[in-house]
Amino acid sequence: MSLQLTPAMRQYVEIKSRYRDCILFFRMGDFYEMFFEDAIRASRLLDIALTSRDRESNIPMCGVPHHARNAYLSKLIRQGCKVAICEQVEEPGQKGIFRREVTEVVTPGLVFHEECLDARGNNYLAAVRFSPPFAYAALDATTGEFHHETCDTEDALADALFRLSPAEFIALEGECEPRAPRGKRLIEGKLLTLLSPSAAGTFEPPSPVEGIPAADHPAAGVVRAALYYLHLHQPAALSEITRVAERAEGRYLAMDETAVRTLEIFSTMSGERKGSLLWAVDRTRTPMGARALRSWLAAPLIDAARIGERHDAVGELLEAHGMRKELAGRLDAMGDLSRLASRLAQDRSGPREVAALRDNLEALPALKETLGEPFAERLREVRGRLGDHSAAAEEISRALADELPAGHKEGGIFRPGYDARVDELTHLLTHGKEMLAEMESSERRRTGIGGLKVGYNRVFGYFLEVSRANVDKVPADYIRKQTLVNAERYITPDLKEFESRVLRAQEERSAREEELFLALRESLKRHLPGIRAAAESVAELDVLLSFADLAANGGYGRPRVNAGRDIVIENGRHPVVEKILGRHAFVPNDCRLSPDGARLAVITGPNMAGKSTYIRQVALIVLLAHAGCYVPADRAEIGVVDRIFTRIGASDDLSRGESTFMVEMRETARILSGVTGRTLVVLDEVGRGTSTYDGLSIAWAVAEHLHDAPARPKVLFATHFHELTDIVSTSAHARNYHVAVREWQGDIIFLRRIDEGSASKSYGIQVARLAGLPPSAIGRAREILKNLESAEYNEFGLPALTGARTGQAPAAQMDLFSRAERREEGAVLEEIRRCDPERLTPVDALMRLAAWKERLGKGTS
Ligand code: ADP
């Protein structure tokens, strides 16, 4: 078949061979065409017709109109494809075909088209190293943000990547075998490209990038790989990346994937934004602010002084009601300054975007003025960094016309007076219209044809149109060009002469305007560093203002984050549940945790009482406070927390093909080994995934372990295992709390109040009744419960063991209650193991036996 290929198809095959992993958009006139396998794949993904190029060759083909390119592009990108865009870059030469070149490769992580981007989120490309030492580099080419981080474990790497949720992954060959299932899951369904270590791992960017780690740094390879990939696919965007920052674990409040998921910070367990913490607190007004808020919540601060500075700023804005309103209005009017700046840097902005950039820059002085002379350090800093961009704004205003075309090749970009030659040509062109009108009337006079018209079409340019009835009056110098049903079209030498003058002028003006526009963009680039700083400041101001608005409207108060280790919250509320139920329907609760006092709070209560809500609310208040936000509480004094661990619920894990119990235990093991004296642990129903006694035993052991951990972490432990409340008798720093309920005519009423002490009953049957279980089933459940309580049956409904029947608790439960007893047992066993019967006299042996029995509490009789 290749023998038969036309020159254009040969060119296609040659170009495609260099972009094997991409779908090639091959520009042919007004269409982007796709051929062969690309066509088959794209027609399926885009749901468009598959045809063939011609009858002989039968080459599969499909195409999309060039003006609708971005819509199709975004559809492919969202389905994880890479698309190489091949344009006609030069008019046909002698061979009769256009010279074509791939001008950019668009991938999920390197996409700049608004249709493909979420304005309120970042779009990261992540280069990862999935072998020790673990590291990643994340690049958002739409904003220029670029950072890298080294992680101690694969789990920590997965956590960091989970928070960023990259759109695409790259890795160096040989460094991408994720061992842990979490790593695999992370990249599943996302595009992953492997790059050659020799090319990508040692890539030197053409213009310097500040902060590239040295060759022996764990992140050296990933940082270079990210730059290399950008260079390969979007060379224009590379010039804009000027620095890469190092992000270090331990500088932010750490939350692993489980914590982020189960606390529903960015989306709910079912994957929706509504119902998440972000949804409840987000009042930002600009896309930059929305993105910044997300990253503040993903990486809360742990430096009490810096946290306090944010609170100071929020406080000042909160006080200044009038200013807040004014700032809000100004921010509402702003666009995505950060992405506009990036587009300028990458030569992607059209005239309208340059004008939008100006409008945003012009909005800054007013913003600054509204801020006045603030006291808070953060606000002063923001104000200072907003800068003065009047020079750039004026430069744009001087140049651009008031009404602008979308593209820069269309002409009509510049304001009269900006460029003498453009004005001259414009004059000629507008004058041309008058000349045409004149020509029309003089020809009418000359021929006596009243209805004669001058027209234009794209095939043969200007023409004179005469209706069929008047054809006999047409003079001899008219040359016939086209016959219509009711008219004939002619040209004359004069008209042709006019036409070529107009066309030349038009062409020259377009060329001149394009040249001027490119020069304008180039010249504006020198303002970019300042514009970027301004964009960051606007983002910060937007988040601070959003926090202040939230405080004002949601009744949030200022938390004090201090260097101590206690957590004291008075009348705390759950930000999301409160927003859903309404302020007055939510019952506030206190929390007091301290390493020296109560550091393990065991919260019992029936299902649906409000245990989970309570423990999550404490975690969310701690998180918000560290992010710099006010909190839904009357008072919050919080010693800096370095990490929040959670183990909540179990339902979500089933889909991942692992037993719920295994996942639960793995996560619990991570928690047990990862706590420090500043860690807050939130555990909900640990041990639920297995049988009652196993579950209770594990819950007990986990609680005990955390309580006894030398680091003394603060732990909230919600459980429906009522037996666990006995832990306070052996663990000095454990306290019991329960969610208060009231019984009323056989029903229970949830009071939602957390009280000290343990709950008196578990109320499972009442809850079942509330949930609508039929009365017959409820009645039977009551009977069975009675039997169980009098210990005639065990938990499986089988007759209970003898010991139990005599009124003692079942053996398995016995075991749990006395830790001291178990220790003694261990010690006795150890002594038995060590003692050597050969060397004992019979009396000795008897006496030891008696002592052991005594110690085991069984007596000698
Ligand atoms: P549990 O963990 O004890 O099973 P949840 O924490 O899931 O119970 O709470 C069940 C429901 O009770 C929540 O969905 C919420 O609507 C309501 N709720 C919980 N805490 C409160 C509260 N403090 N004030 C008002 N309603 C609450």
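The values are calculated or read from the model by the stated rules, or taken from the named source; none is laboratory data. In this text the structure is predicted, and so the values were computed from the model without any measurement. With ideal geometry, Cβ positions are generated from the backbone for all residues, glycine too; neighbour counts draw on all protein chains shown.
Couple of notes before you dig in:
- Put simply, of 732, 711 the only residue that is more than 16 Å from the ligand (Cβ to nearest atom), over 35 Å from the mean Cα position of the chain (by Cα) and free of Cβ contacts under 8 Å to residues at least 60 places away in the same chain is 732.
- The set of residues in the range 413-439 that are touching a residue at least 24 places away in the same chain (Cβ under 8 Å) and either in contact with a strand residue (DSSP E or B) (Cβ under 9 Å, 6 or more places away or on another chain) or within 15 Å of residue 502 (Cβ to Cβ) (or both) comprises 413, 414, 418, 422, 425, 426, 428, 429, 432, 435, 436, 439.
- Any chance residue 509 is more than 16 Å from the ligand (Cβ to nearest atom), under 25 Å from residue 415 (Cβ atoms) and of a type in the set (Lys, Arg): yes
- Hits in the range 220-275 - residues which are among the acidic types (Asp, Glu), in contact with a helix residue (DSSP H, G or I) (Cβ under 6 Å, 6 or more places away or on another chain) and surrounded by fewer than 22 Cβ atoms within 10 Å (Cβ to Cβ): 257
- Within the range 539-549, none of the residues are surrounded by fewer than 16 Cβ atoms within 10 Å (Cβ to Cβ) and at pLDDT 95 or above.
- Scan the range 735-755 for residues that are within 16 Å of the ligand (Cβ to nearest atom), over 17 Å from residue 615 (Cβ atoms) and either charged (D, E, K, R) or in a loop (DSSP other than H, G, I, E, B) (or both) and the total you get is 2.
- Matching option when the condition is among the charged types (D, E, K, R), loosely packed, with under 15 Cβ neighbours inside 10 Å and either within 16 Å of the ligand (Cβ to nearest atom) or farther than 19 Å from residue 628 by Cβ (or both), among 583, 565: 583
- Hits in the range 153-170 (condition: modelled with pLDDT under 90 and more than 16 Å from the chain's Cα centre (by Cα)): 153, 154, 155, 156
- Checked against (1) crowded, with 20+ Cβ neighbours inside 10 Å; (2) within 16 Å of the ligand (Cβ to nearest atom); (3) assigned to a helix (DSSP H, G or I), residue 768 meets all criteria but (1).
- Residues of the range 84-138 classified as crowded, with 20+ Cβ neighbours inside 10 Å, within 30 Å of residue 286 (Cβ to Cβ) and among the small types (Gly, Ala, Ser), total: 5
- Entry remark, the range 139-158: residues being buried (at least 22 other Cβ atoms within 10 Å of the Cβ), assigned to a helix (DSSP H, G or I) and in contact (Cβ under 8 Å) with a residue 60 or more places away in the chain number 1 in total.
- Of all residues making up the range 678-700, the number that are within 16 Å of the ligand (Cβ to nearest atom), out of contact with any Leu (no Cβ under 8 Å at 6 or more places or on another chain) and at pLDDT 80 or above: 1
- Identification of strands (runs of 3 or more DSSP E) wholly contained in the range 586-642 with 2 or more residues that are over 32 Å from the mean Cα position of the chain (by Cα) and either hydroxyl-bearing (Ser, Thr, Tyr) or more than 16 Å from the ligand (Cβ to nearest atom) (or both) yields 589-593, 600-604.
- Taking the criterion of being part of a helix (DSSP H, G or I) and free of Cβ contacts under 8 Å to residues at least 12 places away in the same chain, the residues of the range 573-585 that qualify are 581, 584, 585.
- Taking the criterion of being more than 12 Å from the ligand (Cβ to nearest atom) and under 23 Å from residue 617 (Cα atoms), the residues of the range 718-729 that qualify are 721, 722, 724, 725.
- When residue 570 is tested against (1) within 10 Å of the ligand (Cβ to nearest atom); (2) not in a loop (DSSP other than H, G, I, E, B), exactly one condition is not met: (1).
- Taking the range 593-602 as the range and being surrounded by fewer than 17 Cβ atoms within 10 Å (Cβ to Cβ) and at pLDDT 95 or above as the test, only 594 passes.
- Number of positions in the range 605-619 that are modelled with pLDDT of 90 or more and either touching a helix residue (DSSP H, G or I) at 6+ places or on another chain (Cβ under 6 Å) or surrounded by fewer than 23 Cβ atoms within 10 Å (Cβ to Cβ) (or both): 2
- Cβ-Cβ distances below 6 Å connect the following pairs, each with a first residue in the range 542-571 that is small (Gly, Ala, Ser), a second residue that is at pLDDT 95 or above and assigned to a strand (DSSP E or B), and a separation of six or more residues or different chains: 564/639.
- The combined condition, being modelled with pLDDT of 95 or more, assigned to a helix (DSSP H, G or I) and either within 26 Å of the chain's Cα centre (by Cα) or among the basic types (Lys, Arg) (or both), is not fulfilled by residue 343.
- Complete set of residues in the range 491-524 that are within 37 Å of the chain's Cα centre (by Cα) and over 14 Å from residue 422 (Cα atoms): 518, 519, 520, 521, 522, 523, 524
- When restricted to residues that are out of contact with any helix residue (DSSP H, G or I) (no Cβ under 6 Å at 6 or more places or on another chain), of a type in the set (Lys, Arg) and either at pLDDT below 75 or closer than 22 Å to residue 587 by Cα (or both), the range 752-795 contains 4.
- Reported count of residues in the range 329-366, each being touching a residue at least 40 places away in the same chain (Cβ under 8 Å) and more than 18 Å from residue 400 (Cβ to Cβ), is 11.
- Selection of first residues in the range 301-328 that are free of Cβ contacts under 8 Å to residues at least 24 places away in the same chain and of second residues that are surrounded by fewer than 19 Cβ atoms within 10 Å (Cβ to Cβ) and not charged (D, E, K, R), restricted to Cβ pairs under 7 Å at least 6 apart or on distinct chains, gives an empty result.
- Leading residue by the ranking (farthest from residue 615 (Cα to Cα)) among those in the range 706-719 that are out of contact with any Pro (no Cβ under 7 Å at 6 or more places or on another chain) and part of a loop (DSSP other than H, G, I, E, B): 710
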